[in-house]
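*Asks:* First the structure, then my questions, so here it is.
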Amino acid sequence: MKRLLGLDRSLQWMLRGIMRVFVRTTVVPEDALQRLRGRARPLLFVLEERSRSDRLALEQACADGGLRRPTRRLQLRELQLPHSVVALERRAGVLRRRADRRTPPELASAVAAAGSDAALELDIVPVAVYWGRAPQRERAWLRLVLSENWALVGPFRRLLSIVFNGRSTLIRFGEPRALQGYSATGVDGARGARRLLKELRAEFRHMRADTLGPDLSSRRVIVAQVLRTRAVRQAVRQEIRETKASRRDGLRAARRHALEIAANYSHAFVRAAERLLHYLLTRIYDGVEVRNAEYLDQLPPACEIVYVPCHRSHVDYLLLSYVIYRRGYAAPYVAAGINLNLPAIGRLLRMGGAFFIRRSFRGNSLYPIVFMKYVDVMMNRGHAMEFFIEGTRSRTGRLLQPRTGFLSMTVRSFLRDTRRPVAYVPVYFGYERLFEGETYIDELSGRPKQKESVGGLLRVLPQLRRNLGRVHINFGRPLLLDGVLDELKKDWRSDVKDEEVRPAWFGEAVDSVAAQIMRRINAAAAVAPINLVSVALLATPRQAMLEVDLEKQLQLYIDLLKACPYSPDISVAAEDGASIIRRVEQMGMLERRAHPLGDVLRMVEQNAVLATYYRNNVLHLFALPSLVACAFLNNPSMRHEDVHRLVWRVYPYIRAELFLRWREDEVAGAVDGVLAALAGQGLLERSGDGAFWRRPLTGSAEAVRLSLIAQATIQTIERYYLAIALLLRAGRSVLAPEALEQRCVAMAQRMSMLYGLAAPEFFDRAMFRDFIELLRLREVIRLDSEGKLTFDVALQAVAEDARIVLSEQIRNSILQVTHS
């Protein structure tokens, strides 16, 4: 390139110094420079447009990353280029307003050289530089000059952009391309260069869409587009016929619904909110730790991203958008409950990308159509979406059963237009201390849920001074929708000719997608110190342990997670038991009582109930080891096949409740891995012929540690046995499913009061309902002609196996409650 305005080298050196002052670059992906530094072939960088500022920013990033400066000459065998960087698009004309889209001569000569010299090796690396990030919609002049958008700009505006946005500069590196891959189409290199040019332009479009989001239209334009869809027009006509209203009133009603729903995204607000959140989060939390974000960089190009996080706290909304935006991707549009559309607050949330959904669609046939078409329009435009598949925050710490209404809308939107692939990105949130912890305790104790209000928000502001520990955000392995449909039905594309008619397999497809998303959320779990301490202490009668015993038990959990990993995506934020104890004590959640024979550690009284929440966050990680350990609670030795049979008997119900990752045909291999891991810790021993497994002698330290592992799922098995015992006692064709469910809840509450079972999920109505329904699906129980439950020997076999696992004392306690 020619030197800018004839500046000599000394002036260019001065420009580099000025750039160092004004510009702070963020490289995406984070490991891009490291991966490029490890490549053997020389690199030729390709910028989207000819810009001195872009080239200097790239040079600064390369210097910081230890790469060769792109402004140096590239001399490679027969190829001689003045620089190692090329501009894909240049400006032509007297005023340089016309874009010159011809193939850059440097690229053409490089491809030609590769065609004439097969030994010439060179990697082409596309690089996009964004000075601030704003989709193209803001109308104010100052906002236009502040941020990057979809238009390529002139020198004066770029200068202003550097001054205002230099510290928010993002450099996105694309995947390297081997030059030899374009050299086989002719010695002159013309056809190969054109193909390379076409691919580079497509990648720059995808990179710009990922970073900035698609071009934005105003809220008014989006609403008008929704109201023009055929489905909304038909729904309006139906509304007019049913209510005898005028056409004008029908259209007004549809417009009111659309305005109630629609977001009003403002990039200026998003940038300001990002800085405010950065300030607040660094003071509220000890750190925001993000893992597995590289999954976002590996998604197919031009992909519609739908983020599907678990829902732990109201902070989830803000945290995920904050992390995604700082990662270099466009902030998603978030489906938020209408209860958050508060005065002033709702308007700010809309500007941040929130659109609102009612808790129920009942009683209004027009609203669900308008909402569905709004989602359809936003997905077709390529906007990233986010919704909470559980529908509400979990008060118990477990994943709730998925609510598939919004999910089915995204699936239907894809079936209407399958050109853009849809990827669901599961996200796991792990908090060391919950912002709403005390509120959850009150609600689990029976107090009614308080409605969200501005006053309630103001009352929690003093809590911002509290230290809430660390928050962990783990991305799970993305789920491609077309891949799920291919597994379910090979010829699904031929069944979606009419966009208004659901295929027969649609419901099964939505349920399959929902189940896989939930399992992938759990497979990305973050294990914090408070989680492990809660698992250990809740396994003891009084939630207290000697310090030395607690340290060994925590170390055992860490060793099991390493020896028998649940998933490669989980993270363990601790190295040893001693550091875990120190961390939880620092947070004020452990109480130490000194004793000459060794200090006793117990959960602080006000956190004892909440400890169940933290245990439930990671319960699925220890479910299979716990089930195996349960087999040895009352049996000093077990045959190998009996261990497998007992686990297999209860596994389908545990899997449905905790969204475990293994299919039923994979359980045998997983159980063998757990047995080997427990044997490696000295907790089990296999006989010489491999037929039997033995636990350590009763009273030994190893036997105690094994029994503590079993406690993680023993209450779940007790809950199952309680339901089965009630049904067996009632007899065949006596109880309807609803009646059995009510009896189970009442008896579980009684057991909780009598025997001090503090876990609120022990008498959770939804869990009994799901268990009874799964027994029906597996045909262990059936409905007779009068809608009453009947059963056969299969249910009695389940009860017999439960007797092997549960102690006589526990079984007698359950039977005593059911008989009374």
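The values are calculated or read from the model by the stated rules, or taken from the named source; none is laboratory data. Everything quoted here is computed from the prediction, not taken from an experiment. Note that we place each Cβ from the backbone using ideal geometry, even for glycine, and neighbour counts take in every protein chain shown. These accessible areas exclude ligands, DNA and RNA; they are computed on the full protein's heavy atoms, side chains included. Shrake-Rupley method; radii C 1.70, N 1.55, O 1.52, S 1.80 Å.
Rundown of residues vs (1) touching a Phe, Trp or Tyr at 6+ places or on another chain (Cβ under 6 Å); (2) touching a residue at least 24 places away in the same chain (Cβ under 8 Å); (3) under 28 Å from N522 (Cα atoms); (4) crowded, with 17+ Cβ neighbours inside 10 Å, yes/no style:
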site	(1), (2), (3), (4)
N634	no, yes, no, no
L658	no, yes, yes, yes
G669	no, no, yes, no
A677	no, yes, yes, yes
Y720	no, yes, yes, yes
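*Asks:* Looking at (1) under 18 Å from I709 (Cα atoms); (2) open to solvent by 40 Å² or more (accessible area, probe 1.4 Å), which is the only condition Q586 fails?
*Replies:* (1)
*Asks:* Taking helices (runs of 4 or more DSSP H) that do not extend beyond region 405-480, which have at least 2 residues that are at pLDDT below 90?
*Replies:* 437-444, 454-460
*Asks:* When region 37-71 is examined, which residues are found to be touching a Lys or Arg at 6+ places or on another chain (Cβ under 6 Å) and open to solvent by 30 Å² or more (accessible area, probe 1.4 Å)?
*Replies:* If the condition is that a residue be touching a Lys or Arg at 6+ places or on another chain (Cβ under 6 Å) and open to solvent by 30 Å² or more (accessible area, probe 1.4 Å), then R50, G66 are the ones that fit.
*Asks:* Out of R326, R347, I need the residue that is over 22 Å from V290 (Cα atoms) and open to solvent by 40 Å² or more (accessible area, probe 1.4 Å). Which one? Give the derivation first.
*Replies:* Values: R326 fails: over 22 Å from V290 (Cα atoms).
Within the list R326, R347, the selection yields R347.
*Asks:* Identify the residue in region 528-567 that is within 24 Å of the chain's Cα centre (by Cα) and free of Cβ contacts under 8 Å to residues at least 60 places away in the same chain and, among all such residues, is most open to solvent (accessible area, probe 1.4 Å). Reasoning before the result, please.
*Replies:* Looking only at region 528-567, we keep the residues that are within 24 Å of the chain's Cα centre (by Cα), and these are 528-532, 534-535, 558, 561-562, 564-567.
When the remaining residues are screened for being free of Cβ contacts under 8 Å to residues at least 60 places away in the same chain, the result is 558, 562, 565.
Numbers: I558: 1, K562: 128, P565: 73 Å².
Only one residue fits best here, namely K562.
*Asks:* Kindly provide the set of residues from region 312-322 that are open to solvent by 10 Å² or more (accessible area, probe 1.4 Å) and either within 21 Å of V422 (Cβ to Cβ) or part of a loop (DSSP other than H, G, I, E, B) (or both), ordered by number.
*Replies:* Selection gives H314, S321.
Residue by residue, here is whether (1) hydroxyl-bearing (S, T, Y); (2) at positive phi; (3) outside any strand (DSSP E or B); (4) at pLDDT 85 or above holds:
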site: E779; (1), (2), (3), (4): no, yes, yes, yes
site: E786; (1), (2), (3), (4): no, no, yes, yes
site: V798; (1), (2), (3), (4): no, no, yes, no
site: A802; (1), (2), (3), (4): no, no, yes, no
site: S813; (1), (2), (3), (4): yes, no, yes, no
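*Asks:* Find the residue count for region 262-306, including only residues that are among the polar types (S, T, N, Q) and either touching a helix residue (DSSP H, G or I) at 6+ places or on another chain (Cβ under 6 Å) or closer than 20 Å to W131 by Cα (or both).
*Replies:* 2
*Asks:* List the residue pairs whose Cβ atoms are under 7 Å apart, where the first residue sits in region 120-136 and is at positive phi, the second is modelled with pLDDT under 90 and hydrophobic (A, V, I, L, M, F, W, C), and the two are 6 or more positions apart or on different chains.
*Replies:* Short answer, once both residue conditions are applied: G132/L146.
*Asks:* Filtering region 739-754 down to residues that are of a type in the set (A, V, I, L, M, F, W, C) and surrounded by 14 or more Cβ atoms within 10 Å (Cβ to Cβ), which residue is farthest from A766 (Cα to Cα)?
*Replies:* M751
*Asks:* Same structure, new question: How about region 230-249: which of its residues are over 39 Å from the mean Cα position of the chain (by Cα) and of a type in the set (D, E)?
*Replies:* Scanning region 230-249 gives E242, D249.
*Asks:* With respect to L697, determine if the residue is open to solvent by less than 40 Å² (accessible area, probe 1.4 Å), modelled with pLDDT of 90 or more and of a type outside the set (S, T, N, Q).
*Replies:* Here the answer is no, as L697 does not meet what is asked.
*Asks:* Now for a different question. For residues that are open to solvent by 30 Å² or more (accessible area, probe 1.4 Å) and of a type in the set (S, T, Y), scanning just region 72-120, find the one that is modelled with the highest pLDDT.
*Replies:* The qualifying residue modelled with the highest pLDDT is S109.
*Asks:* Can you pull out the residues in region 388-402 that are of a type in the set (K, R) and within 16 Å of the chain's Cα centre (by Cα)?
*Replies:* Answer for region 388-402, where residues must be of a type in the set (K, R) and within 16 Å of the chain's Cα centre (by Cα): R393, R398.
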